[in-house]
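To keep things clear, I will list the structure first and then write my remarks on it.
The values are calculated or read from the model by the stated rules, or taken from the named source; none is laboratory data. All of these numbers come straight from a predicted model, not from anything done at the bench. Here the Cβ is made from the backbone with ideal geometry for all residues, glycine too, and neighbour counts use every protein chain on show. Side chains are part of the model used for accessible areas, which takes the heavy atoms of the whole protein and leaves out ligands, DNA and RNA. Shrake-Rupley method; radii C 1.70, N 1.55, O 1.52, S 1.80 Å.
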Amino acid sequence: MELSEKQKMLAGMPYHASDPELRAEQNATATWLARYNAALGDPASWQALLGERIARAGQGATVRPPFHCDYGWHITLGARVFVNFDCVFLDVAPIVIGDDCRIGPGVHIYTADHPRDPALRRAGFESGRPVTIGRNVWIGGGAIILAGVTIGDDAIVGAGSVVTHDVAPGAQVAGNPAQPISS
């Protein structure tokens, strides 16, 4: 039996994002995002709205609108996670954020990836690799976390950094590409 494009995406295989089933999922998420982002002035409603689309939002998790994502159901937020304004989570693969993380405004987390072979890109293939962020991580505003990255517990990512590789627990990184810095 041939796998659907959604099944391929969920398995981390190359897939076509323009598939009608995936487009319908993205449209449903866009409708939910319109409602969520319209609740900017109503923080009391955020937790319930998150529960409608996000895989898991731990107790006390806060995502300040506006917020943008592809699907939502690939995002897991631990307890007391704080995600500031204007964050973008491209969640074609799982994004797992541990308890007590602080994510600054305008942070982008990308699980989406594209083939390095130009012929495959022209053919419309994409893939995804998960992003995992440990507990008590602080990610400064405007940082970009690329597909496949794991950030260890208690790490700090400086504002504006582009994280292309894993970050060790307790490490502090900054720059483009993000490199270890001393405190």
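Grab the helices (runs of 4 or more DSSP H) fully contained in the range 1-68, keeping just those with 1 or more residues being open to solvent by 70 Å² or more (accessible area, probe 1.4 Å) and touching a residue at least 12 places away in the same chain (Cβ under 8 Å).
Fully inside the range 1-68 and qualifying: 20-38, 46-53.
Return the residues of the range 77-96 that are within 9 Å of the chain's Cα centre (by Cα) and free of Cβ contacts under 8 Å to residues at least 60 places away in the same chain; say none if nothing qualifies.
Correct list: C87, V88, F89, L90, D91, P94, I95, V96.
Only one of V92, V173, V88 is outside any loop (DSSP other than H, G, I, E, B) and within 30 Å of D42 (Cβ to Cβ); which?
Details: V92 fails: outside any loop (DSSP other than H, G, I, E, B); V173 fails: within 30 Å of D42 (Cβ to Cβ).
Result of the check over V92, V173, V88: V88.
Mind counting the residues in the range 135-150 that are on the phi > 0 side of the Ramachandran plot and over 14 Å from the mean Cα position of the chain (by Cα)? Lay out the reasoning, then the answer.
Of the range 135-150, the ones on the phi > 0 side of the Ramachandran plot are 136, 142, 148.
When the remaining residues are screened for being over 14 Å from the mean Cα position of the chain (by Cα), the result is 136.
So the answer is 1.
Being open to solvent by 30 Å² or more (accessible area, probe 1.4 Å), under 30 Å from P169 (Cβ atoms) and not in a loop (DSSP other than H, G, I, E, B) is the filter here; which residues of the range 114-147 pass it?
Result: T132, W138, I144.
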